[in-house]
Structures are given as structure tokens and as C-alpha cells.
Amino acid sequence: FIIFHTILYLGILLTPLNGWVQRGANDVSRAMKSCCSSSKSLSPEVSNEQQRSTQINKIQSKLLKQLRTTCLDYNMLEEGDHIMVCVSGGKDSATLLYLLRQMQRTLPISFNLTAVHVDQKQPGYNGAPLVEWLEQLKVPFEIIEEDTYSVVVDKTDEGKSYCTLCSRLRRGILYTAA
């Protein structure tokens, strides 16, 4: 496996995707449709839905082109590669997986994708919308259930941030999965 976790700076144009998994969106494009709008009209007879669709296509095309160029320029993909995409449920990793899936269909080389998500057993977490989205995307996936939350709460001093220990534990789990 090659671990891809946000190989590009995807911060541009991604803010509208925040929370798309929690809303149970069918795909990244659908999530973007719900929140991308413009005050500029393309033409008087073009509907708002058509305007949003055009904007989404432009964003998707730009990101796909950047990803394709980066992967090819740096020889990040070769025939037969198996790429593990670590999906947190956030906008960056979800967008990366979606774009890699699109690219998989268009590149002249064949490669496999597997999405991997770590369910860290945090109270109140519901992974069902993420699983539903992965199934709709038709990407093989694995959900690794590991109670790191209890460990982090036990080992972190009161008032201190959980982030450092939590991220180390999560990375260790993902390295083992790879």
C-alpha cells in the first residue's frame, strides 16, 4: 500500500464541504451543490442550479487536474499500485478519495484504491453516514475499530490537549494496516 493522506493543499475551494459526511451526502459534488452559489449570473436564462453545477464542474476539474499532474510529475502512481486512502470523514481526505476514484477511471494505468477509516470509539460518534458514502462510491473500504479514546483520556493530564497522543495512536494503527 501507498499511504495517501492529502498530497495536495486542498484548502482552496473546500470549505463548503465541511460536514458533508454527517449530512449523508451521496458524493462530494452533491455536497458542493448544496452550498456553492454565486451572486454573479452566468446569463439571465441560466437557472441557479445550472450555475451551481457549472461552478462545481470547474472546481472538480481544477482539483482533478492538479491531482493528476502531481501524481504523474512525481511518479506517485504506477501500474498495479494499491493505494490506501486514510479517510477521516473530513473534507480533505474525502475529496482526495473522490478525486482518486475519478482519476482511476481516466488514467491509462490501472491501480487499486482502498479507503481505511479508524473508528476510535469516541462517545457519540456515528460512522454510518461515512460507510453509506463509501458504499455509494463503490470503493473497497475497511473500518478499523480501536478504542484509542479511553487510552487518550487515561494518559492525558486534565486540561491538556488530546491531539498529540490521539494522532500518534491513529497513525500507528494506520501504519499497521498498511
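The values are calculated or read from the model by the stated rules, or taken from the named source; none is laboratory data. Being a predicted model, the structure only gives us computed values, none of them experimental. A quick note on method: Cβ atoms are made from the backbone with ideal geometry, for glycine too, and the neighbour counts reach across all protein chains shown. Protein only, heavy atoms only, side chains kept; ligands, DNA and RNA dropped before computing areas. Shrake-Rupley method; radii C 1.70, N 1.55, O 1.52, S 1.80 Å.
Could you list, in sequence order, the residues of the stretch 159-173 that are open to solvent by 80 Å² or more (accessible area, probe 1.4 Å) and in contact (Cβ under 8 Å) with a residue 40 or more places away in the chain?
Across the stretch 159-173, the qualifying residue is only Arg170.
Is the stretch 143-161 home to any residue that is within 30 Å of Ile59 (Cβ to Cβ), of a type in the set (D, E, K, R) and touching a strand residue (DSSP E or B) at 6+ places or on another chain (Cβ under 8 Å)?
No; the residues of the stretch 143-161 include none that is within 30 Å of Ile59 (Cβ to Cβ), of a type in the set (D, E, K, R) and touching a strand residue (DSSP E or B) at 6+ places or on another chain (Cβ under 8 Å).
Condition check: under 19 Å from Pro140 (Cβ atoms) and open to solvent by 60 Å² or more (accessible area, probe 1.4 Å). Does Glu49 satisfy that?
The answer is no for Glu49.
Being among the acidic types (Asp, Glu) and touching a residue at least 40 places away in the same chain (Cβ under 8 Å) is the filter here, so list the residues in the stretch 132-158 that pass it.
Result: Glu132, single match.
Identify all residues within the stretch 127-138 that are over 12 Å from the mean Cα position of the chain (by Cα) and at negative phi; write none if there are none.
Taking the stretch 127-138 and keeping what is over 12 Å from the mean Cα position of the chain (by Cα), we get 127-129, 131-132, 135-136, 138.
Of everything in the stretch 127-138, those that are over 12 Å from the mean Cα position of the chain (by Cα) and at negative phi turn out to be Gly127, Ala128, Pro129, Val131, Glu132, Glu135, Gln136.
Take residues that are open to solvent by 40 Å² or more (accessible area, probe 1.4 Å) and tell me which of the strands (runs of 3 or more DSSP E) falling wholly in the stretch 58-158 contain 3 or more.
Fully inside the stretch 58-158 and qualifying: 141-145.
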